[in-house]
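A short write-up of the structure that comes next.
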Amino acid sequence: MRKRAVPLMVGGGAILALGLAGAVGYAIGRTLTAPYSGRRYTTRVLGISSHGDQSTVTLDDTAQTRRPGRYGAFLPDGRHIRFSTDVVVSGPGVARGVTADAADAMAGVERISWTGIEFPTPSEAGLHAVDVTIDSEHGPVPAWVIDSGAGATWALHIHGLGSSRAGTLRGVQVASELGFTSLVTTYRNSAEGPQIGSRRTTLGLEEFRDVERALDYAVKHGAEQIVLFGWSMGANIALHLAHHSRWSDRVLAVIAESPVLDWRATVSANLTSAGLPSWTAHLAYPWLTSPRLARRLRLACEINLELLDWSARDRIRIPTLILQGRHDRSTPWRLAEHVAAVNPYVTLELFEADHTMTWNSDPERWRSTVKSWLRPGLDKTS
C-alpha cells in the first residue's frame, strides 16, 4: 500500500502545480486586459513653498520625478498643472518649480497623478479643434478635427491603452506645422470611447475596428494620403491599419511613439518591472489566445498575439519612424532596436526617456526628428 501512495502523491503535486500555474496565468490575463479605471494618484506631495513669484513643490523622490524635461500632473479635482524643467533633489524628495496658480491649486493636495500630457485640451496646445463624432458599430466615438487648411494630407492620431486623446496633442502640433489636417480619435472601452461588454481591452485587436472607422471619416472628408501617429498600443493599432486596413494604400507613413511591437515581449518586460520572473508571462498566453479561456476572462474574443506581433524580419512594409526611450519599462527598447535592424522600412530614434515620454524629454529634438524624417516622403508625393 505504501508503494502505491508514491505515484498518487506525485500526481497530486502535479495537479496542484498546474492549478497554481493556471491561477497565475488567469491573474496576469485579468490584469493585462482590465477595464479602464481612471487615473491613479500615487505621487505624494511632500510640501509647497513660495518665495515671491517663485513657487516650488516637493514630491516623492522617484525615477519619474527626478527625470529632467517637461512633465505635469493631474490633481484629484481634474485640474492639470505643469512643472518646470528644473529638478532639485532636496532631502527625502524632489523639488520642481510651478506657477503661483499651480501652487495655489495644489494646496491641501496629498497625491497627484504624474503625467506626460503637456496639453490637456487642443486650445492649450494652440490648436483650433472641432468636435466631431465617428460612427462605430458600438455607438458614437468622439474625435477632434484640427484643420490646417491644407486638405489632402491627413494625420490620424491614436492614443495608448489607459490614456486619452489629450496625450496625442504633442504630436498634433507637429502635424499642424507640416500642414496636415489632424483627426484625433479614440476607441471602445477607453476613457472617452463607448463602453461595451465587460469593458475589457483586446490589446488593439477589436479597438482597430473603431479606429478604422476614423479612417473612413478622413477619406470621406478629403484625405488622399494619411500619416498615422500612434502612441504605445495606439502604435500597434497604427501598424495594423497601415498593413490591413481597407485604406492601407493611402497610408504614407507611421510615427510610432514607444510602440507595443510584440505583446509577449511587453508583458514579460512589465512583469520583470513588477519583480516577477519574465517566464510567468507564458502562463497568461493560453488565457488570451484560447476561445474558451478568453471567455473566462470575459474578453469579447480571443486575441491573436501573432497578428499583433511586428517584431519579425520584413514584417513592416510601410515607412515607420520609431521614437523610443532607453528607460522605457513597458515596451523594451532593445526590441525596437531589433525591429529597426531587420526591417529596412524602419528608422529608430532613441531618447533618454521613459514610456511615451520621448517628447517630454526633448521636445525640440522630437519635433525636428519627425519633421525631417517625414519631409522627403511628402516631397515625393507632392
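The values are calculated or read from the model by the stated rules, or taken from the named source; none is laboratory data. These numbers were taken from a predicted model, which means no experiment stands behind them. With ideal geometry, Cβ positions are generated from the backbone for all residues, glycine too; neighbour counts draw on all protein chains shown. Surface areas here come from the heavy atoms of the whole protein model, side chains and all, with no ligands, DNA or RNA. Shrake-Rupley method; radii C 1.70, N 1.55, O 1.52, S 1.80 Å.
General observations
- Taking the range 329-378 as the range and being outside any loop (DSSP other than H, G, I, E, B), touching a residue at least 60 places away in the same chain (Cβ under 8 Å), aliphatic (A, V, I, L, M) and open to solvent by 20 Å² or more (accessible area, probe 1.4 Å) as the test, the residues that pass are Leu335, Leu378.
- Criterion (closer than 21 Å to Ser190 by Cα, exposed (fewer than 13 other Cβ atoms within 10 Å of the Cβ) and of a type outside the set (Phe, Trp, Tyr)) met by exactly one of Glu110, Glu137, Glu118: Glu137
- Scan of the range 72-92 for residues that are closer than 17 Å to His51 by Cβ, open to solvent by less than 80 Å² (accessible area, probe 1.4 Å) and part of a strand (DSSP E or B), ordered by number: Ser90
- Within the range 272-291, the residues that satisfy the criterion of being more than 19 Å from Glu206 (Cα to Cα), open to solvent by 20 Å² or more (accessible area, probe 1.4 Å) and either part of a loop (DSSP other than H, G, I, E, B) or not aromatic (Phe, Trp, Tyr) (or both) are Thr272, Ser273, Ala274, Gly275, Leu276, Pro277, Ser278, His282, Leu283.
- Test: residue in the range 151-161 that is without any contact (Cβ under 8 Å) to a residue 40 or more places away in the chain and open to solvent by 20 Å² or more (accessible area, probe 1.4 Å): no
- Test for Ala143: is it small (Gly, Ala, Ser), buried (at least 23 other Cβ atoms within 10 Å of the Cβ) and in a strand (DSSP E or B): yes
- Test result for Asn236, of a type in the set (S, T, N, Q), at negative phi, under 18 Å from the mean Cα position of the chain (by Cα) and open to solvent by 10 Å² or more (accessible area, probe 1.4 Å): no
- The set of residues in the range 30-64 being touching a helix residue (DSSP H, G or I) at 6+ places or on another chain (Cβ under 9 Å), of a type in the set (A, V, I, L, M) and either open to solvent by 60 Å² or more (accessible area, probe 1.4 Å) or assigned to a loop (DSSP other than H, G, I, E, B) (or both) consists of Ile48 alone.
- Residue count for the range 292-328, restricted to those that are open to solvent by less than 50 Å² (accessible area, probe 1.4 Å), of a type in the set (D, E, K, R) and outside any loop (DSSP other than H, G, I, E, B): 0.
- Residue list for the range 125-144, restricted to those being touching a residue at least 40 places away in the same chain (Cβ under 8 Å) and either of a type in the set (Val, Ile, Thr) or under 16 Å from Ser232 (Cβ atoms) (or both): Val132, Ile134, Val141
- Check on Ser258, open to solvent by less than 10 Å² (accessible area, probe 1.4 Å), among the hydroxyl-bearing types (Ser, Thr, Tyr), closer than 24 Å to Val370 by Cβ and in contact (Cβ under 8 Å) with a residue 40 or more places away in the chain: yes
- Qualifying residue in the range 159-168 (condition: at pLDDT 95 or above, within 24 Å of His355 (Cβ to Cβ) and part of a strand (DSSP E or B)): no
- Single match in Leu183, Leu205 (criterion: at negative phi, part of a loop (DSSP other than H, G, I, E, B) and in contact with a Leu (Cβ under 8 Å, 6 or more places away or on another chain)): Leu205
- Looking only at the range 98-121, and only at residues there that are of a type in the set (Val, Ile, Thr) and more than 24 Å from Ala63 (Cβ to Cβ), the one that is nearest to the chain's Cα centre (by Cα): Thr121
- Ala218 falls short of the stated requirement of being touching a residue at least 12 places away in the same chain (Cβ under 8 Å), among the aliphatic types (A, V, I, L, M), over 22 Å from Asp262 (Cβ atoms) and in a loop (DSSP other than H, G, I, E, B).
- Among the candidates Ile322, Ile318, residue that is out of contact with any Lys or Arg (no Cβ under 7 Å at 6 or more places or on another chain) and within 13 Å of Leu261 (Cα to Cα): Ile322
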